[in-house]
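Q: Dropping the structure in here first, questions after.
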Amino acid sequence: MFASAAFASAPRQQVGAYRQMHLSTGVEGASSHALVAMLFDGALEAIAEARVALRSGNAEAKGKSICRAAGIIDEGLNGRLDLVAGGAIAADLRVLYNYISARLVLANLHDDDAALEECARLIAPVRSAWAGIADRAND
């Protein structure tokens, strides 16, 4: 029984190791524009994982994924905003990110899949707009 349990977890560990290596490799040579795109992708991925965990009743995984998404939004995206240089756009993004963070907290407290879906819906167009300016971005 023990050997089969260890074997069953091995593929997950391998996927996790590959994922970490891929992330590390992608970050090392990435421009600041690409790093922000990775933050958007990470937030969307964490929200998707939280939704799957919520539907399967895995409260621990749901909580971890929501915390990861909130950390990305709060520290990675909101924390990088330059309100002086970014002006009104940065101020609007600050309001949006604060709203998304609040919705993530409520989604976690109330097991609210609709709130998680709303957060993903709000991030997706910002991510698309960010991708659209990749050619014009200067580091």
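Q: Looking only at the stretch 56-67, which residues are over 19 Å from A102 (Cβ atoms) and touching a helix residue (DSSP H, G or I) at 6+ places or on another chain (Cβ under 7 Å)?
A: Answer for the stretch 56-67, where residues must be over 19 Å from A102 (Cβ atoms) and touching a helix residue (DSSP H, G or I) at 6+ places or on another chain (Cβ under 7 Å): just A61.
Q: Still on this model: Out of the residues in the stretch 51-103 that are of a type in the set (S, T, Y) and surrounded by fewer than 15 Cβ atoms within 10 Å (Cβ to Cβ), which is nearest to S32 (Cα to Cα)?
A: Going through the stretch 51-103, the residues of a type in the set (S, T, Y) turn out to be 56, 65, 97, 99, 101.
From the residues that got through so far, the ones that are surrounded by fewer than 15 Cβ atoms within 10 Å (Cβ to Cβ) too are 56, 99.
Working: S56: 36, Y99: 24 Å.
Per the stated criteria, the residue is Y99.
Q: Here's something else I'd like to know. Considering only the stretch 107-123, state which residues are surrounded by 14 or more Cβ atoms within 10 Å (Cβ to Cβ) and not charged (D, E, K, R).
A: Across the stretch 107-123, the qualifying residues are A107, N108, A115, L116, C119, A120, L122, I123.
Q: What are the pairs, 6+ residues apart or on separate chains, where a residue within the stretch 28-51 that is in contact (Cβ under 8 Å) with a residue 12 or more places away in the chain has its Cβ under 6 Å from a residue that is crowded, with 17+ Cβ neighbours inside 10 Å and charged (D, E, K, R)?
A: Final answer for the pair search is F40/R127; A46/R68; A50/K62.
Q: Looking for whichever is in contact with a helix residue (DSSP H, G or I) (Cβ under 8 Å, 6 or more places away or on another chain), modelled with pLDDT under 90 and among the small types (G, A, S) here; the options are A30, A70, A90. Which one fits? Let's see the steps before the verdict.
A: Working: A70 fails: modelled with pLDDT under 90; A90 fails: modelled with pLDDT under 90.
The unique qualifying residue is A30.
Q: Restricting the search to the stretch 83-139, which residues are under 15 Å from the mean Cα position of the chain (by Cα), more than 15 Å from F40 (Cα to Cα) and without any contact (Cβ under 8 Å) to a residue 12 or more places away in the chain?
A: Matches in the stretch 83-139: A102 only.
The values are calculated or read from the model by the stated rules, or taken from the named source; none is laboratory data. Just so it is clear, the model here is predicted, and its values are computed rather than measured. Note that each Cβ is placed from the backbone with ideal geometry, even for glycine, and that neighbours are counted across all protein chains shown.
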